[in-house]
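Worksheet: one structure, shown below.
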Amino acid sequence: MGEIERPMRDDDRADVRTTSASPRFATHFKVRHYEMDALGHVNNAVYLHYLEQAAYEHSAAADFSDERTRDLGGIWIVRRHEIEYLRPATAGDVLQVVTWAVAFKGARAFRDYAIYRHEGGPDETSGLPTDRFLPPDHVLDGEPLVRARTLWVWADRASGRPRRIPAELYATFLGAPLDDGADTRSRPDTKTYST
């Protein structure tokens, strides 16, 4: 039988410091009124859009655009999202979505996210580099509103079947090259929820 990834647990989320070499990427979204639920908070499903868009922008900023992904013969497919809602956001809030790769294993890639309320407009990103990659020592202000993890699967573009993630993605997204001699990549079931 295949390996089953266990869901997040509270002790997986305890550490809020960076614990990996993975470059963190930040983008901003202004919450629109139509994204609210009956309680006046961002609808839970809307956060999925923010997460997926942040992942897409991160990949493009790392020079893995749709075209380059096509050239590699693959496509990313979401297998699972896990989201922990901690505090509400409302219309007019500007949210900073921070994302980073946690682990690659075979065809699977684990990506973490943290969403913060940003003080300032969506174009006011003082202190952030123009490429939106956060320096390793960058400290985020405030408490996260949301923490999440997505399990992505690298699939063959023609067949749709999972296939091993290309080695060139390891250095870009994990901050370290693939070591073919041993499986020393970070494990997705350890305390990796860090910002």
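General remarks:
- Filter pass, A114 being surrounded by 19 or more Cβ atoms within 10 Å (Cβ to Cβ), within 18 Å of G175 (Cβ to Cβ) and modelled with pLDDT of 95 or more: yes
- Looking only at the range 135-188, and only at residues there that are exposed (fewer than 14 other Cβ atoms within 10 Å of the Cβ), at pLDDT below 75 and not polar (S, T, N, Q), the one that is farthest from V94 (Cα to Cα): G181
- Pairs where the first residue, in the range 161-179, is under 16 Å from P136 (Cα atoms) and the second is at pLDDT 80 or above and of a type in the set (F, W, Y), C-beta under 7 Å, 6+ apart: T172/F64; L174/F104; A176/Y170
- Matching option when the condition is surrounded by 14 or more Cβ atoms within 10 Å (Cβ to Cβ), more than 18 Å from L140 (Cα to Cα) and either modelled with pLDDT of 95 or more or not charged (D, E, K, R) (or both), among G106, G92, G74: G74
The values are calculated or read from the model by the stated rules, or taken from the named source; none is laboratory data. Here the structure is a predicted model, which means the values were calculated and not measured. FYI the Cβ positions are ideal-geometry reconstructions off the backbone, even for glycines, and counts take in every protein chain you see.
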